[in-house]
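Encoded as structure tokens, the structure appears first; notes follow it.
The values are calculated or read from the model by the stated rules, or taken from the named source; none is laboratory data. These numbers come from a predicted model, not from an experiment. Neighbour counts run over all protein chains shown; Cβ positions are idealised from the backbone, glycine included.
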Amino acid sequence: MMSHEEPSDRQYYKPEGVAPPVQPYSHVVRVGKTVYLSGQIPIDKNGNVVGAGDPTLQAEQCWKNIELCLASAGATLADIVKVIAIFSDIRHVKYEIEVRRRFLAPDHYPAFSLFEAAKVGSTKDNILMEIDVTAVLSRDC
């Protein structure tokens with residue numbers, strides 16, 4: 001039988017304003033000062049797809065979800081050190097980049113990787129992207 005004992009410094013968060021996961025995972029896990037987010041997709045707090053077919057609206061919703069997830073663990077967008085973005089169509093990258101520039105402070109952009117995949121983020125249709133971030137708290141919380 002597997003033990004479900006967790007290290008004492010591991011914390012799990014259920015951010016308000018973000019739809020709960022439909023699969024067995026946590027949106028946010030914090031270990032010490034590092035905050036790991038599951039990939040965020042463009043769905044609202046009720047689980048509805050936002051901006052079907054519109055990469056700008058979808059990127060905005062992803063980043064809003066990311067901000068809420070980070071806040072639940074005491075982090076901010078300024079604490080992000082790594083972004084991984086997955087797109088159903090690589091041509092949507094430019095729209096996400098425009099939105100990311102609005103959400104993040106200039107000259108302090110995190111490391112970034114991107115991928116293209118046939119099916120992104122969910123069994124839901126019309127999902128154009130998923131954005132995954134890692135943050136490191138710059139202060140004690």
Of (1) in contact (Cβ under 8 Å) with a residue 24 or more places away in the chain; (2) more than 22 Å from Y13 (Cα to Cα); (3) surrounded by fewer than 16 Cβ atoms within 10 Å (Cβ to Cβ); (4) among the polar types (S, T, N, Q), N46 fails just (2)
In the list A117, A59, A75, which residue meets the criterion of being within 24 Å of P20 (Cβ to Cβ), in contact with a helix residue (DSSP H, G or I) (Cβ under 6 Å, 6 or more places away or on another chain), small (G, A, S) and touching a residue at least 24 places away in the same chain (Cβ under 8 Å)? A59
Residue under question is A117, and the condition is that it be over 15 Å from H27 (Cβ atoms) and surrounded by 17 or more Cβ atoms within 10 Å (Cβ to Cβ); does it hold? no
Mind checking whether some residue in the stretch 52-64 is of a type in the set (V, I, T), more than 16 Å from L128 (Cα to Cα) and surrounded by fewer than 20 Cβ atoms within 10 Å (Cβ to Cβ)? no
With the stretch 1-114 as the region, which strands (runs of 3 or more DSSP E) entirely inside it contain at least 2 residues that are aliphatic (A, V, I, L, M) and in contact with a strand residue (DSSP E or B) (Cβ under 8 Å, 6 or more places away or on another chain)? 28-31, 34-37, 80-87
Could you check F112 against (1) in contact with a helix residue (DSSP H, G or I) (Cβ under 6 Å, 6 or more places away or on another chain); (2) within 17 Å of V133 (Cα to Cα) and say which number it fails? (1)
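Condition first: on the phi > 0 side of the Ramachandran plot and touching a helix residue (DSSP H, G or I) at 6+ places or on another chain (Cβ under 6 Å). Now tell me which residues in the stretch 16-56 satisfy that. Break it down stepwise before answering.
Going through the stretch 16-56, the residues on the phi > 0 side of the Ramachandran plot turn out to be 17, 32, 47, 51, 53.
Correct list: G17, G51.
Considering only residues that are touching a residue at least 40 places away in the same chain (Cβ under 8 Å) and in a loop (DSSP other than H, G, I, E, B), which ones fall in the stretch 120-129? Before the answer, list the steps.
Initially, the stretch 120-129 is screened for residues touching a residue at least 40 places away in the same chain (Cβ under 8 Å), giving 120-122, 124-129.
Across the stretch 120-129, the qualifying residues are V120, G121, S122, K124, D125, N126, I127, L128.
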Residue check, V35 at pLDDT 95 or above, surrounded by 16 or more Cβ atoms within 10 Å (Cβ to Cβ), among the hydrophobic types (A, V, I, L, M, F, W, C) and farther than 26 Å from T123 by Cβ: yes
What single numbered condition from (1) closer than 15 Å to E130 by Cβ; (2) in contact (Cβ under 8 Å) with a residue 60 or more places away in the chain fails to hold for Y25? (2)
